[in-house]
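> Encoded as structure tokens, here's the structure I'll be asking about.
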Amino acid sequence: MTMHLKRLTNIISSISGKSSILDSHSSLRQKSILSFTTRHDFSTSSADTTRHIASDVEERGDREYLKCHKGGGMFHKSASIDPTASIDFGAVVHSGSFVGGNVHVGSGTVVGPNVTIGQSTKIGYNVALANCTIGDSCVIHHGVCIGQDGFGFFMDENGAVVKKPQALKAHIGNNVEIGANSCIDRGSWRDTAIGDHSKIDNLVQIGHNVVIGKCCMLCGQVGIAGSVTMGDYVTLGGRVGVRDHVTIVSKVRLAAASCVTKDITKPGDYGGFPAVPIREWRRQVASRSQTLK
């Protein structure tokens, strides 16, 4: 009997000890949670946190770039931004640039120093603009690059490949549309220029010093080498190639995959490699077909 009483006493003591340990753990856990929530105030929203960070930046005097009130993007304090312009979060406008009324600049876009963007122009995501002017009411789609150096090199007396200076600009007229991932190089001996109301498809390459007239249409994957001059109302079908220093008069249309190797001096339709008047090209194709039979 005495042995049973001792065993019962030991069990009760053991249970009491475990209970005190659990109470201790519970108390410690509550204190930890209280400490964590005190240090991390979850009642503050992410927007408030962003404002606090911006406030800290202002307090440090870091005011070289300012936040656009429409869109949340950044612009240099020396840039001129119309109050109606919108610069999306993640976009940046650098020093000396001008952004006109009702312009929209998409996220990820970089507007370099001293770039001019005319009113009502819409710029997509991840566009790079440098050394250029953009006219009014243009549409520039995602990934377009305008104003970068052209492809100009020469071989010096030591056999080294040396870069030619590319110091001029690219000018885009009014009501121009430029498709995604197209590239327009700035000039080296004259400014690159795209005329009013011209339309450029995706993945088009326009080399340095190229001058394109008004109301031209360039379809996808067109490649125009440097120093080409094109008149007005010229249409280039998909994958047309134009060699450097060629002149194409106004009102010329080129069939897809044609290649211009010399000046085109008369309006009309052309095709083939090298490009010839369309009827001649068709005769060539028909003759070749007969020969292969």
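No lab work stands behind these numbers, since they all come straight from the coordinates. Quantities reported herein were computed from a predicted structural model and do not represent experimental measurements. As a convention, Cβ positions derive from the backbone with ideal geometry for all residues, glycine included, and neighbour counts pool all protein chains shown.
> Which whole-Hz ³J(HN,Hα) couplings does the stretch 130-144 yield from phi under the Karplus relation 6.51 cos²θ - 1.76 cosθ + 1.60, θ = phi - 60°, glycine and proline marked x?
8, 6, 8, 10, 10, x, 7, 6, 8, 10, 10, 7, 4, x, 5
> Here's a follow-up. Could you tally the net charge around residue 186, taking each other residue with its Cβ under 15 Å from the Cβ of residue 186, Lys/Arg +1 and Asp/Glu -1?
+1
> Based on Cα coordinates alone, diagonalise the gyration tensor for the stretch 48-292, multiply each eigenvalue by 5, take square roots, and list the semi-axes in whole Å, largest first.
Each semi-axis is √(5λ); the values are 41, 20, 15 Å.
> Assign unit charges at the C-beta atoms only (+1 for Lys and Arg, -1 for Asp and Glu), then state the dipole size of the stretch 155-249 relative to its Cα centre in Debye, rounded to the nearest 20.
With Lys and Arg at +1 and Asp and Glu at -1, about 20 debye.
> Which ³J(HN,Hα) values in Hz, rounded to whole numbers, follow from the phi angles of the stretch 236-242 under the Karplus curve 6.51 cos²θ - 1.76 cosθ + 1.60, where θ = phi - 60° and Gly and Pro get x?
My calculation for the stretch 236-242 gives 10, x, x, 6, 5, x, 10 Hz in order.
> May I pose another question? Consider a paramagnetic label point 7 Å from the Cα of residue 190 along Cα→Cβ; state which residues of the stretch 254-270 have an amide N under 18 Å from it.
262-266
> While we're on this one: Modelling each spin label as a point 7 Å along the Cα-to-Cβ direction, I'd like the residue 161/residue 125 distance in nm, to one decimal.
3.4
> Counting pairs of alpha carbon atoms under 8 Å apart in space and at least six apart in sequence, what relative contact order in percent does the stretch 48-292 give?
Reported as a whole number, the value is 8 percent.
> A follow-up question, please. Based on the Kirkwood radius over alpha-carbon pairs, what is the Stokes-Einstein translational diffusion coefficient of the stretch 104-154 at 37 °C with 0.692 mPa s viscosity, in µm²/s?
It diffuses with D of about 291 µm²/s by this estimate.
> Restricting the count to DSSP beta bridges whose residues both fall in the stretch 110-231, what percent are antiparallel, rounded to a multiple of 5?
Numbers: 3 of 34 bridges.
Just about 10 percent of them are antiparallel.
> Using the Kirkwood radius over Cα pairs, work out the Stokes-Einstein diffusion coefficient for the stretch 245-292 at 10 °C and 1.306 mPa s, in µm²/s as a whole number.
The calculation lands on 143 µm²/s.
> Out of residues 5 or more away from residue 84 or on other chains, whose amide H comes under 5 Å of its own, with H placed 1.01 Å from N in the peptide plane?
Under 5 Å from the amide H of residue 84 lie the amide H atoms of 102, each far enough along the sequence or on another chain.
> Still on this structure: Roughly how many nanometres apart are two label points built 7 Å out from the Cα toward the Cβ at residue 262 and residue 282?
Taking the simple label geometry, residue 262 and residue 282 are separated by 2.3 nm.
> Got a sec? Which residues in the stretch 268-293 would a label at residue 239 touch, if it sits 7 Å along Cα→Cβ and we count backbone N under 19 Å?
270-276, 281-282, 285-286, 289
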